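Every read-out reported here was derived from the displayed coordinates using simple, explicitly stated rules and does not represent laboratory data. Only a predicted model underlies this, so the values are computations on that prediction, with no experimental measurement involved. Heads up, the Cβs are rebuilt from the backbone with ideal geometry, glycines too, and the neighbour counts pull from every protein chain shown.
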Amino acid sequence: MSHDHDDRPQLTAVQAAAVLNPPAGRNGGDLVVESLQGLGATTVFGLPGQHALGMFDALRRSSLRYVGLRVENNAGFAADAYGRVTGEVAPLLLSTGPGALTSLAALQEAAAASAPVLAISSQIPSAGLGGGRHGYLHELRDQQASVRDIVKSVHTVRTASQIPSAIAAAWESALTAPHGPVWVEIPQDVLLAETTLPVVSAMDASPRELYPRPELTIAAAHLLSNAERPVIIAGGGVVRSDASGKLRALAEKIDAPVVTTFGGKGAFPWEHPLSLRSWLEDRHTTDFLEDADVLLVVGSGLGELSSNYHTFRPRGRVIQIEADAGKLESNHPALGIHSDAREALADLLEAVERREDPDAAERVRTVLEKVRVRIEAQDLTLEQQVLAAVREALPDAAPSFWDMTILAYWAWSAFDARRPNTMHSAQGAGGLGYGFPAAIGAAAADPTKPVLAVSGDGGAMYSIAELATARQYDLPLTWLIVDDGGYGILREYMTGAFGETTGTELARPDFVALAESFGVPAVRTGPESLAADLSKALAAPGPSVVVLPALLRMFEPTHL
């Protein structure tokens with residue numbers, strides 16, 4: 001078999017000389033950072049540790065910008081947010097054992113939210129690998145086993161020459177739909193060993209495209225074109241694949257109402273006549289969806305939160321477009337289309353016939369009015385006032401990151417994200433402590449616009465150390481802490497289930513004084529002054545904290 005070499009890049013004499021005479025003093029860590037640079041990375045997150053020092057020393061000799069957080073889990077949340085807002089791979093440099101394990105909750109969130117995080121962890125020296133009990137610091141019998149259930153793929157390095165290939169393979173895996181976290185593991189001695197290998201140049205790790213099968217597109221288009229009451233559920237896959245424009249065009253072509261999941265916030269215009277908004281935890285919305293004769297689900301697995309806690313029982317035909325094959329028909333029988341949302345919507349848009357439904361907008365208004373009346377009857381003026389104040393203060397293009405807190409639960413259903421890919425939360429895995437470190441990652445990605453983080457006092461305590469990070473890098477982010485003296489949503493759950501609470505009430509610091517001790521300006525506010533104080537904080541350069549002492553309540557669920 002002959003090969004045509006003419007299309008391969010030709011080296012100049014200067015480049016060839018550089019290849020044959022690489023600079024002295026490089027090690028395996030240099031191959032890591034050179035590989036990341038060759039793949040297009042500009043920013044890395046992480047935390048140094050003894051076995052990983054070869055990587056961190058090599059950062060000095062690179063053009064990569066390092067953002068160091070104070071806890072590995074928070075570094076993982078920051079990388080997750082960077083991946084979400086940019087759509088690019090976010091490298092996360094970790095040490096061994098405790099450092100690696102501390103990142104796992106963040107990687108679970110990245111997996112649930114399909115965020116492309118490339119975790120590169122060190123390992124104990126090669127001589128200690130294999131499961132024996134050698135007594136190395138941070139030693140685990142099988143470190144990979146701890147991450148394999150969480151990440152998309154695991155890539156092991158045994159020699160320096162394997163580093164570029166392993167990182168390129170992991171990079172491709174992270175960016176292939178569905179996006180997700182991946183894991184590379186490199187022993188300490190491989191990172192520290194001097195290398196005479198040539199400097200890594202540009203590498204190609206283009207992700208594989210995931211297209212729909214044409215016969216499935218034809219079948220789905222036929223169902224939608226001939227439906228009497230089609231409805232669309234738009235999930236996070238629409239946001240991640242930048243398909244909101246295609247979604248709107250399809251909805252308008254077939255006059256189909258659209259509801260967005262909590263992960264799909266901003267995928268469809270909130271004020272559009274066909275917008276059912278995001279009231280998925282509401283029986284009126286559930287009834288409407290069940291009444292559809294054809295239901296198109298795009299980029300959602302219809303999990304617990306998207307199915308009103310699995311009370312949703314569709315009566316019509318379901319079409320499900322999903323990049324994660326494991327989610328296809330996992331909860332409901334459907335015409336399953338394994339595809340990236342953007343590619344599938346583009347093909348559907350061409351294949352469907354225009355249908356007009358003059359009653360569609362009126363049916364949407366009827367549902368939203370029923371929801372409004374239900375909420376109005378519960379005397380929740382304070383909660384709606386606080387959410388409206390946040391919306392008023394937050395610029396449309398500014399991203400927001402919401403922790404697991406009552407105000408975020410409200411925001412999932414009732415907050416107008418206004419633009420796609422601007423509202424993010426930890427609802428994928430549901431772990432505490434996401435909001436502020438995630439905001440750090442987004443601010444590092446684009447320091448030209450303000451970023452908002454929203455936490456309760458319980459979740460805030462997970463991330464207090466990162467006030468030092470925000471100050472050190474002078475990042476433009478504002479942290480709204482709603483202080484209700486405990487784990488508010490768990491307080492409600494326990495009171496509802498058992499009549500009393502255990503473990504939900506918390507002593508907490510003076511958050512204003514604490515923030516100021518980090519050199520971060522802070523203000524205590526009230527519901528009436530929240531919009532003004534938040535606007536002022538968001539407009540100011542650098543980090544800031546706004547503390548709102550308030551006891552917020554959730555609206556009544558309809559699934560019980």
(request) Report the local net charge at residue 236: Lys and Arg +1, Asp and Glu -1, summed over other residues whose C-beta lies under 10 Å from its C-beta. (result) +3
(request) Note the angle between two axes, namely the Cα long axis of helix 435-445 and the longest principal axis of the Cα atoms of the chain, as a number of degrees from 0 to 90, rounded to the nearest 10. (result) 60 degrees
(message) I need the calculated FRET efficiency for the pair residue 133 and residue 517, taking r as the beta carbon distance and R₀ as 51 Å, to the nearest 0.05.
(response) 0.70
(message) Taking every pair of distinct Cα atoms and averaging 1/r, then inverting, what Kirkwood hydrodynamic radius in Å comes out for the chain?
(response) 24.9 Å
(message) Could you give each residue of the stretch 344-354 its phi-based ³J(HN,Hα) in whole Hz, using Karplus coefficients 6.51, -1.76, 1.60 with θ = phi - 60°, and x for Gly or Pro?
(response) 5, 5, 4, 5, 4, 4, 6, 8, 6, 8, 5
(request) Read phi for every residue in the stretch 323-328 and hand back ³J(HN,Hα) as whole Hz from Karplus 6.51 cos²θ - 1.76 cosθ + 1.60, θ = phi - 60°, with x for Gly and Pro. (result) 6, 8, 4, x, 8, 5
(message) Considering just Cα atoms, how many Å³ per residue does the convex hull of the stretch 190-251 enclose?
(response) 168 Å³
(message) Please report the antiparallel percentage of DSSP beta bridges with both residues in the chain, rounded to the nearest 5.
(response) 5 percent
(message) Give me, ordered by chain and number, the residues 5 or more places off residue 213 or on other chains with an amide H under 5 Å from its own placed amide H.
(response) 338
(request) Using the charge dipole of the chain (Lys, Arg: +1 at Cβ; Asp, Glu: -1 at Cβ; taken about the Cα centre), state which of 110, 332, 216 has its Cα farthest towards the positive end. (result) 110
(message) Give me, ordered by chain and number, the residues 5 or more places off residue 184 or on other chains with an amide H under 5 Å from its own placed amide H.
(response) 119, 120, 121, 155
(request) Return the FRET efficiency for the residue pair residue 539, residue 225: r is the Cβ-Cβ distance, R0 is 60 Å, and the value is rounded to the nearest 0.05. (result) 0.75
(request) Taking just the C-alpha trace of the stretch 57-119, give me its Rg and Dmax in Å. (result) 11.5, 35
(message) Can you tell me the orientation of helix 530-539 relative to the chain, as the angle in degrees between its alpha-carbon axis and the longest Cα principal axis, to the nearest 10?
(response) 30 degrees
(request) Using Cα centres only, tell me the gap between the stretch 451-484 and the stretch 78-97 in whole Å. (result) 19 Å
(request) With θ set to phi - 60°, apply the Karplus curve 6.51 cos²θ - 1.76 cosθ + 1.60 along the stretch 506-516 and write out the HN-Hα couplings as whole Hz, x wherever there is a Gly or Pro. (result) 10, 6, 9, x, 6, 4, 5, 5, 5, 4, 5
(request) Just list whichever of 152/246; 246/536; 253/449; 152/536; 265/370; 246/449 have alpha carbons separated by over 31 Å in the model shown. (result) 246/536; 253/449; 152/536
(request) Quote the convex hull volume per residue of the stretch 189-339, based on C-alpha atoms, as a whole number of Å³. (result) 166 Å³
(request) Set the Förster radius R0 to 56 Å, insert the Cβ-Cβ distance between residue 311 and residue 354 as r into 1/(1 + (r/R0)^6), and round the FRET efficiency to 0.05. (result) 0.95
(request) Could you calculate, for the stretch 312-438, the ratio of the Cα radius of gyration to the Kirkwood radius, expressed as Rg to Rh? (result) 1.01
(message) Helix 72-86 against the longest principal axis of the chain: what's the angle in degrees, Cα atoms only, rounded to the nearest 10?
(response) 70 degrees
